[in-house]
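Nothing in this text is a laboratory measurement; each read-out follows from the coordinates by a stated rule. All values reported here derive from a predicted model rather than from experimental measurement. Counting neighbours? That spans all protein chains shown, and the Cβs are built from the backbone with ideal geometry, glycine included.
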């Protein structure tokens, strides 16, 4: 795996130290591994996630003796993000002595009624990769990055259109019109509301919303007068959230020269 990332801390319950996951963890190179007795769960990852690992054979045994539901209730009460990793293939259930309907019913209870996610893996190596993916995505979300749906485009113009459609009220057609008029995302971000209104399909409301999105975030006491009315899309709320969404492709297309001339605000931060 890629070892260029900062190592992620993982605390392993000492009762899992003999499992097949430990060699895969040691070989991974992306984790800093500590072995200790955990009061709950098998793996505590990056201080955010708590994973209980069960092979499918373990799962059946835990259902039979009631241990699965006791563990699940404790996991659901933790302040971290819990999940149960079910490791193995369906062949392991061939002679388990329990009907599939009973197993499925238990999993429904765990996931839907106890609220603990179930993650499926086939091998110990895949279990390690799953915990690594969770940790990396957890860090991304903790940094304030917002996910955007759909495939990310290739090519500069396609990426510019993608960025523009992250702004409030800007769909594909308006993005094309803006890019044709101004030539770049940077120029659009620096345009005045009057200049934006000169583009077909851009009225005062959308121009004001776009300017609101790219300007510096205001403190709480000044935000009330900047609300964008009439925007009914299920999109991020807050100026900085819009800025994160619009620049999710990795290109910051704002000219900050004017902002540097003004004293920084010490108010609200998302």
* Structure fact -> Length gained, residue 112-residue 142, 0.36 nm per residue minus C-alpha separation, equals 8.3 nm
* Cβ crowding within 10 Å averaged over residues, with 77-90, 45-58 ranked highest first -> 45-58, 77-90
* To do: For each of 100, 212, count neighbouring Cβ atoms within 10 Å of the residue's Cβ, then give the residues from fewest to most.
  => 100, 212
* If a/c stays under 1.5 just call it rounded; otherwise compare a/b with b/c (prolate if a/b is bigger, oblate if not). Do that for segment 1-97, with a ≥ b ≥ c from the square roots of the Cα gyration tensor eigenvalues. => oblate
